[in-house]
Structure formats: C-alpha cells, structure tokens
Amino acid sequence: MNEKLLSLAAELKHRIRGQEQVITPVVGVLQRGELGLTPQGRSKGSFLFLGPTGVGKTKLALVFTELLLGKEYLHRFDMSEYQHADQIKNLIGDESGYEGRLGEVLAKWGKGTLLFDEMEKAHPKIMDVFLQMMDAARITVGRNKRHDLSNFYIVFTSNLAARDLMEVQNLPQSRLKNYVLEVLNDQLRPELVARINEKQVFNKLTYPVQREIAQLTLDEELLRLRLLGYDLKPEPEVLEFLVRHGIDKVYGARPLRDTVERFVQGAVVRALLEKRAASGCLGVGQLADELILMNEAVVID
C-alpha cells in the first residue's frame, strides 16, 4: 500500500493532463484516508471539483478509485436525474421500504467512491441529504435505514461559473479559485461547501494539453489493437486530426476517446474488408475526413 500511495501523484499526473495544481492536494487527502488518519465520524475524504466540462473532473475520481480500490468501486450519480421533487425518492427511497439507488449501492458495497456529478442540478432538498452525509458520514434512506459512509470517498463535481472560467483563464490560479468559490457560495449552501475537504478548480485545456491527452488516448488504443494483432504506426498528422475532431469547445476532451476509437478502428475495418493487411502506417485520408492504413499489400486467403 505504501508504494501505491507514494506513486499515486505521479500516476495521476500521467493520466490527468493539465491539472497539476489539483493533483497534490487531492493526493494528500487520499493518502490520509488510506492510512486511516481521517477523524472518526467523517468520510475518508471529500472533494468538490469545479471547472468546464471535459477537463478531467470525473476522470480524476475514476482514476484514483481505480488505482486505490478498483474501478468497480466507483459509483456515479448523475444529478441531472434528480432535479424534481418526485425524483428524490429514486435516490434515497421512500416510506414503502425502497432504499433508492444510493441506498442500494451502500447496502451492497462497504467501501468505494460516491461521485455526484453536476451537483448544482439536483433538487434543493437533496442538498439536505448531502449535508447529512458531510456532517456525520452517514445517510438515512427508505424506512429510516441508516448507512455508514466512513469508508467512502465522496466527490462532487460542478460546472458552476464554467462559462466565466473559459473567459478569465489568464488570471492567477489563486485569484481564479477565489472567484469560483465566491460564485459557489452564492449558489450553493455555504455550510455544505465548508464541510468539503478539498475544493479544486480545474483549468481549461490549452492546445498543448489537448495534444498530450490525444497522444495518451491514441497510445492506449494502439496498444489495445496491437494485442489483437494489428500493429499501427501513426503518421505525425494523425495527432492533429484527432485533436481537431475529438476536442469540442463545449465538451472539452469528453468526446476524444470515442473519436479515437471510431477513426482508428475504422481504418482497420476498411483494410480487413478490402483484404489488405490491417497493420502498417496509419495516415490521414486524401479528403482529410478519415484515417487510413496506407499499406496496400493484399491479404492472401
């Protein structure tokens, strides 16, 4: 465990690009949580990740959970599904005995990470639920069934002030964080925000960081295909092609993985259907709308 915790920061910085200022304080909470230093009656650690869509907020929760516990221990709740009063029971149950999705997760799993994405979209009454979780590391669901959260990490993400962040990214990090927290306290309950261990603001992805993320995603896909027997060597222009098609002004790097898989696998599929070798040099097609394998050798049946 000690070796895993010592290498945690380096591994997170490798997989979450462009957010170095977030990694160090997050790792500090995780190390204290894993070493059992969290005060009694508190969760192992709590986080609020703020910033534009597609910059790594959800991915950071997924990756640290995978590294410390296993990816199956990440339990994600999309708070846009709980915007109306009649949807609250879907999360925490009702008097009929139904425990809600949160209750079901806690009944099955004794540890893990609870990820509440886009928390600001939840119905205001759910903020009372969050406050109970943060105040005493427990939650009451269904027919007053109580669950202990002291062995869980709790992560909230929010896009509050995201539009402003896209415009004022040139501010120093300390001023940027203070600005976002001011917006946060205006729109969320300050007593809830105050109980969260780490509140971190994620940067907008610069072009060099976009290229790093695209390269990392491409390398992962090429390795996966190599294990299947397809050895692809991308030309330099492939990376620029993937950044152009996979990074979105609104959604950031969120579409990138699907983009890489679609275009790279598409090149392999076409080669196989045309009975050409599905390995070799990977380049951009003549019309710049697809990736192609430039090996023209015909596969012998």
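Values in this text are rule-based calculations from the coordinates and carry no lab data. Note that the structure is a prediction, hence the values are computed from the model and not measured. All Cβ positions, glycine included, derive from the backbone under ideal geometry; neighbour counts span all protein chains shown.
See the values below:
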read-out: Rule-of-thumb Rg ratio for region 1-94 [Cα; 2.2 N^0.38 Å; N residues]; value: 1.24
read-out: Size descriptor, Kirkwood hydrodynamic radius, that averages inverse alpha-carbon separations across the chain, Å; value: 21.3 Å
read-out: Charged-residue dipole, Cβ positions (Lys, Arg, Asp, Glu), region 210-265 about Cα centre, Debye nearest 20; value: 160 debye
read-out: Kirkwood-type radius of region 1-45, with distances r between different C-alpha atoms, in Å; value: 11.2 Å
read-out: Pairs of alpha carbons in region 183-248 whose separation is greater than 15 Å (percent); value: 67 percent
read-out: Cβ-based charge dipole, region 94-133, positive-most Cα from His123, Gly100, Gly112; value: Gly112
read-out: Using alpha carbons only: equivalent-ellipsoid semi-axes of region 226-278, gyration tensor based, whole Å; value: 24, 11, 10
read-out: Volume of the Cα convex hull of region 178-301, divided per residue and given in Å³; value: 139 Å³
read-out: Links that overshoot a 31 Å alpha carbon limit, given the list Lys125/Lys177; Lys71/Lys275; Lys13/Lys125; value: Lys71/Lys275; Lys13/Lys125
read-out: Check: the chain dipole with +1 on Lys, Arg Cβ and -1 on Asp, Glu Cβ, in debye; value: 760 debye
read-out: Per residue, the convex hull volume that the Cα atoms of region 49-120 enclose (Å³); value: 86 Å³
read-out: Acute angle (nearest 10 degrees) that the helix 57-68 long axis makes with the longest principal axis of the chain, alpha-carbon atoms; value: 90 degrees
read-out: Packing-based order for 33-41, 86-94, 269-277, using average beta carbon neighbours within 10 Å, highest first; value: 86-94, 269-277, 33-41
